[in-house]
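Below is one structure, written out as structure tokens, with a few remarks after it.
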Ligand code: C2O
Ligand code: CU
Ligand code: CU
């Protein structure tokens with residue numbers, strides 16, 4: 001089943017039809033959903049909140065009897081959720097015990113370029129790196145992952161990814177569920193494939209080089225078809241599409257709507273009921289779900305299928321739906337549970353471009369005959385700065401996709417709001433602050449971009465979040481003057 005419809009050039013690997021690995025439903029072994037551990041760090045005498053991360057090798061048993069080699073932060077697979085508070089000073093201490101270069105990038109955080117953890121902040125094998133910054137983001141669900149040029153895709157598939165949960169005063173005053181792991185649950189969705197011997201398989205075929213790496217099973221928090229015991233009340237899910245390349249459509253069984261309250265960089269202005277939602281690679285969404293009317297013991301599957309493109313495109317033609325996990329409503333209501341969701345949300349102000357704003361255009365192209373995808377005709381060159389932006393200004397960036405497949409575009413270190421998608425104002429669930437957005441095949445998306453407040457000669461990245469496209473050079477860099 002093709003993820004993206006390929007025809008002619010602009011996507012087909014060597015002319016034959018490219019195929020994305022279909023998802024299969026694993027037989028559920030009824031394993032409990034692993035809860036991503038929440039870490040608060042420790043505040044030192046100077047008031048700085050310190051976190052320690054060790055990137056390390058380990059093993060994980062995905063299927064009984066096989067210990068697969070995996071990578072993790074402070075553990076065998078994936079990493080913790082670090083709780084950050086807007087306005088606080090933070091120091092991230094990273095130790096690289098991988099035996100190879102890595103970086104740790106704070107995806108979505110507005111941090112100085114030197115602290116960003118992009119390809120310029122390489123942490124050599126055995127070395128340590130500290131990133132210091134003040135948390136400037138509005139409340140949101142961000143994440144961290146490696147970003148060493150050329151090895152990002154493999155290191156992420158092997159298990160390196162963690163969460164950044166940003167809180168602020170508005171969120172503290174809201175009634176959104178916030179008891180971690182009880183009524184505030186993070187779900188990291190990632191597909192993988194395995195060798196016959198049960199090891200993670202990251203060999204790239206010609207089709208993978210064009211479409212990105214896709215696996216045949218979808219894991220939730222690193223587990224196959226797990227079960228989560230839910231309280232019978234309103235629950236908040238923080239959803240991360242942590243797949244290298246697969247855009248997902250998610251929906252719940254029993255026709256339970258997903259009440260979306262946030263996209264990746266912050267709250268929406270009002271909650272939006274959605275029968276299903278699509279997330280491109282790197283995108284996040286926060287949703288509320290009401291389990292209070294479910295009889296005790298009722299099970300609700302979370303279904304996933306492959307999106308044809310990104311937001312709002314629906315399922316790829318004929319894409320099979322798999323059960324990613326099950327939610328078993330079996331716990332009593334918490335004493336602090338809400339009886340109804342908020343009608344409005346304290347969204348951060350959108351980025352607004354003035355009439356004299358600088359315009360920049362980005363043409364997404366390439367991918368012909370198995371070749372690399374490009375931005376404005378160029379592949380990434382770590383020695384080349386593509387352009388510079390004035391600090392603390394708002395620009396209009398126009399992304400035109402001249403290929404036949406969708407590309408989830410991501411910009412580091414800036415605040416963005418979507419202005420138009422295919423010349424139309426975006427729906428409410430695409431409004432608010434963004435850091436990643438899908439540009440569908442042959443489509444144009446315009447965003448207002450507020451540049452970093454502080455000038456820096458260290459470049460920031462903009463790239464496709466299909467990690468194999470990024471690793472192959474669908475990335476550029478800019479400095480802030
Ligand atoms: Cu999530 Cu430049 O990355
Ligand atoms: Cu990023
Ligand atoms: Cu791409």
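Rule-based calculations on the coordinates, nothing more; no lab input. Keep in mind that this is a model prediction, so the values were computed, not measured. FYI the Cβ positions are ideal-geometry reconstructions off the backbone, even for glycines, and counts take in every protein chain you see.
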Exercise for review: Check whether at least one residue in segment 390-401 is within 14 Å of ligand 2 (Cβ to nearest atom) and surrounded by 21 or more Cβ atoms within 10 Å (Cβ to Cβ), and report yes or no.
Suggested key: no
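Among 166, 235, 217, which is within 15 Å of the chain's Cα centre (by Cα) and either closer than 17 Å to residue 280 by Cα or buried (at least 20 other Cβ atoms within 10 Å of the Cβ) (or both)? Lay out the reasoning, then the answer.
On the way: 235 fails: within 15 Å of the chain's Cα centre (by Cα); 217 fails: within 15 Å of the chain's Cα centre (by Cα).
Unique residue meeting the criteria: 166.
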Practice item. Tell me, please, whether a residue that is more than 16 Å from ligand 2 (Cβ to nearest atom) and on the phi > 0 side of the Ramachandran plot can be found in segment 133-152. Key: yes
Practice item. Evaluate segment 454-464: report whether one residue or more is in contact with a strand residue (DSSP E or B) (Cβ under 7 Å, 6 or more places away or on another chain), assigned to a loop (DSSP other than H, G, I, E, B) and more than 16 Å from ligand 3 (Cβ to nearest atom). Key: yes
Point to revise | Residues of segment 430-453 satisfying the condition of being touching a helix residue (DSSP H, G or I) at 6+ places or on another chain (Cβ under 9 Å) and away from ligand 3 (no atom under 16 Å from the Cβ) | key: 452
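Just checking, which of 346, 355 is part of a loop (DSSP other than H, G, I, E, B), in contact with a helix residue (DSSP H, G or I) (Cβ under 6 Å, 6 or more places away or on another chain) and either surrounded by 14 or more Cβ atoms within 10 Å (Cβ to Cβ) or without any contact (Cβ under 8 Å) to a residue 24 or more places away in the chain (or both)? Break it down into steps so the answer makes sense when it comes.
Numbers: 355 fails: in contact with a helix residue (DSSP H, G or I) (Cβ under 6 Å, 6 or more places away or on another chain).
Checking each option against the conditions leaves just 346.
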Review point. Looking at (1) out of contact with any strand residue (DSSP E or B) (no Cβ under 6 Å at 6 or more places or on another chain); (2) free of Cβ contacts under 8 Å to residues at least 40 places away in the same chain, which is the only condition residue 201 fails?
Key: (1)
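Across segment 421-446, which residue is farthest from residue 243 (Cα to Cα) among those that are in a strand (DSSP E or B) and within 16 Å of ligand 1 (Cβ to nearest atom)? It would help to see each step written out before you state the result.
First, pick out the residues of segment 421-446 that are in a strand (DSSP E or B): 421, 424, 433-434, 436-439, 444-446.
Going one step further and asking which of them are within 16 Å of ligand 1 (Cβ to nearest atom), we end up with 433-434, 436-439.
On the way: 433: 22, 434: 18, 436: 14, 437: 15, 438: 14, 439: 17 Å.
Taking the candidates together, the pick is 433.
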**Study point:** segment 21-45 - residue that is within 26 Å of residue 123 (Cα to Cα) and in a loop (DSSP other than H, G, I, E, B) and, of those, nearest to the chain's Cα centre (by Cα)
**Key:** 36
Check your understanding: Does residue 449 fit the bill of being in a strand (DSSP E or B), at negative phi and either away from ligand 1 (no atom under 16 Å from the Cβ) or surrounded by 18 or more Cβ atoms within 10 Å (Cβ to Cβ) (or both)?
Key -> yes
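Might you let me know whether segment 413-429 holds any residue that is within 16 Å of ligand 3 (Cβ to nearest atom) and surrounded by 18 or more Cβ atoms within 10 Å (Cβ to Cβ)? Break it down into steps so the answer makes sense when it comes.
Kept after step one, since they are within 16 Å of ligand 3 (Cβ to nearest atom), are these residues of segment 413-429: none.
So far as segment 413-429 goes, no, none of its residues is within 16 Å of ligand 3 (Cβ to nearest atom) and surrounded by 18 or more Cβ atoms within 10 Å (Cβ to Cβ).
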